[in-house]
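Engineer: Input: one structure, supplied below.
The values are calculated or read from the model by the stated rules, or taken from the named source; none is laboratory data. Note that the structure is predicted; figures quoted are calculated from it, not measured. Cβ: placed from backbone, ideal geometry, glycine included. Neighbour counts: every protein chain shown. Side chains included, ligands, DNA and RNA excluded: accessible areas come from the protein's heavy atoms. Shrake-Rupley method; radii C 1.70, N 1.55, O 1.52, S 1.80 Å.
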Amino acid sequence: MNADLTPPDIVRCAYLDLVVTDLARAREFYVDVLGLVVTEEDDEVIHLRTLEEFIHHNLVLRKGPVAAAAAFSYRVRTPEDVNRAEQWFAARGCRTERRRNGFTKGVGDSVRVTDPLGFPYEFFHEVEHVERLAWRYDLHTPGALVRLDHFNQVTPDVPEGRKYLEDLGFRVTEDIQDAEGTTYAAWLRRKDTVHDTALTGGDGPRLHHIAFATHEKHNVLSICDKLGALRMSDVIERGPGRHGVSNAFYLYIRDPDGHRVEIYTQDYYTGDPDNPVVTWDVHDNQRRDWWGNPVVPSWYTEASPVLDLDGNPQPLVERTDSSEMAVTVGADGFSYTRQGDEEKGFKLGTSL
């Protein structure tokens, strides 16, 4: 690795290229139910955006044989940063592919790479502008999705991933560890929020979820009410609730292919250069849910495959460090609400 190479200046997470097996069902879920805006579509691909977005899309739904993530895409600050991304990853021995006309409509010169963790990353600067619908309140639903907030990735070696992403210019805001030094998860950001992506420990590489932001928690509750009214409550996997990590109000739902979507709001500013890293004890019962509600096992065990640059599913690497689920079942006596208390609340025996 050439130490003189400058990593690209990443602005923010910008869009996810997602393969779905039934485009019509996916459109119904993301457009008719969640209210994402169609920028362009045809029989094979749908380009969607949130209400406050001005770039062409935040989500691409692409019809394919295997439901998987094809690219985690980041916008970089200048056209030269696309060159820097290509050079930086190539110097690390990563496969790269450059398309001057972009990989998706509305996006120009781009490079895709298979990163050191096996994830398909994309970097671009040139983009087509579209109408920002922030002022089109006639189009806003009670559960309006206003921004793409972050990705979450499953990887077997969180410390390795953390180090690589810090080298790439990301900053850690929060993590989960234990007294033995095992790291179970880390949250990393480029924009001035808690994260643009997070690393969750597990067999990987896999996509854990994509997260869209609402303005306030009542918007999240409105989505729950809508899902209930449509007799779709079974797509709610977890929540609504408030995270300890990130302090955000959340809801996790699953699309028709099982891809996990988080609805997310009200985290905090992280832009100061001395913003402190928050470290959570893996046995703290409030780290994942501030109210101490249980985490369903599927949230830890299920995730979406990711593709290589040829469109083939990446093989999974097994995690060898302890899993967060295995060490935090309340009944094992290792979870707590107030560290040092001898008495345990009734929730601890059934929580993960």
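Engineer: Which pairs do you get when a residue that is hydroxyl-bearing (Ser, Thr, Tyr), found in segment 229-245, comes within reach of a residue that is not in a strand (DSSP E or B), reach meaning Cβ atoms under 9 angstrom, with the pair 6+ apart or on two chains?
Structural biologist: The qualifying pairs are SER233/CYS224; SER233/LEU227.
Engineer: Can you report the number of residues in segment 314-327 which are open to solvent by 70 Å² or more (accessible area, probe 1.4 Å) and either under 20 Å from the mean Cα position of the chain (by Cα) or within 28 Å of LEU18 (Cβ to Cβ) (or both)?
Structural biologist: Count: 4.
Engineer: Just wondering, is there one or more residues in segment 1-18 that are surrounded by fewer than 15 Cβ atoms within 10 Å (Cβ to Cβ) and within 21 Å of the chain's Cα centre (by Cα)? Walk me through how you get there before you give the answer.
Structural biologist: Initial filter on segment 1-18 (surrounded by fewer than 15 Cβ atoms within 10 Å (Cβ to Cβ)): 1-6.
Keeping just the survivors that are within 21 Å of the chain's Cα centre (by Cα) gives none.
No, the conditions are met nowhere in segment 1-18.
Let's see how each residue does on (1) surrounded by fewer than 16 Cβ atoms within 10 Å (Cβ to Cβ); (2) among the aromatic types (Phe, Trp, Tyr); (3) without any contact (Cβ under 8 Å) to a residue 60 or more places away in the chain; (4) assigned to a helix (DSSP H, G or I):
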site	(1), (2), (3), (4)
ALA69	no, no, no, no
ASN83	no, no, yes, yes
ARG98	yes, no, yes, no
ALA134	yes, no, no, no
PRO142	yes, no, no, no
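Engineer: Looking at (1) open to solvent by 10 Å² or more (accessible area, probe 1.4 Å); (2) within 22 Å of LEU207 (Cβ to Cβ); (3) in contact (Cβ under 8 Å) with a residue 40 or more places away in the chain; (4) out of contact with any His (no Cβ under 7 Å at 6 or more places or on another chain), which is the only condition GLU52 fails?
Structural biologist: It is condition (2) that GLU52 fails.
Engineer: Quick check on segment 237-257: of everything there that is among the charged types (D, E, K, R) and assigned to a loop (DSSP other than H, G, I, E, B), which residue is surrounded by the most Cβ atoms within 10 Å (Cβ to Cβ)? Even if it seems obvious, please write down each step before you answer.
Structural biologist: Let us first name the residues in segment 237-257 that are among the charged types (D, E, K, R), namely 237-238, 242, 254-255, 257.
So of that shortlist, the ones also assigned to a loop (DSSP other than H, G, I, E, B) come out as 255, 257.
Values: ASP255: 22, ASP257: 18.
It comes out as ASP255.
Engineer: Then there is this: What is the residue count in segment 317-335 for residues that are over 15 Å from THR301 (Cβ atoms), modelled with pLDDT under 90 and in a loop (DSSP other than H, G, I, E, B)?
Structural biologist: So the first thing to find is which residues in segment 317-335 are over 15 Å from THR301 (Cβ atoms), and the list is 317, 320-321, 330-335.
Those left that are additionally modelled with pLDDT under 90: 330-335.
This time we only want the ones that are in a loop (DSSP other than H, G, I, E, B), so: 333-335.
The qualifying residues number 3.
Engineer: For segment 174-224, enumerate the residues that are among the hydroxyl-bearing types (Ser, Thr, Tyr), open to solvent by less than 10 Å² (accessible area, probe 1.4 Å) and in a strand (DSSP E or B). Steps first, answer last, please.
Structural biologist: If we filter segment 174-224 for residues that are among the hydroxyl-bearing types (Ser, Thr, Tyr), which is where we start, we get 182-184, 193, 197, 200, 214, 222.
Imposing the further condition that a residue be open to solvent by less than 10 Å² (accessible area, probe 1.4 Å) reduces the set to 184, 197, 200, 214.
If the condition is that a residue be among the hydroxyl-bearing types (Ser, Thr, Tyr), open to solvent by less than 10 Å² (accessible area, probe 1.4 Å) and in a strand (DSSP E or B), then TYR184, THR197, THR200 are the ones that fit.
Engineer: I would also like to ask the following. Could you tell me which numbered condition TYR300 fails, if it satisfies all but one of (1) in contact (Cβ under 8 Å) with a residue 24 or more places away in the chain; (2) open to solvent by 50 Å² or more (accessible area, probe 1.4 Å); (3) not in a loop (DSSP other than H, G, I, E, B)?
Structural biologist: The single condition TYR300 does not satisfy is (2).
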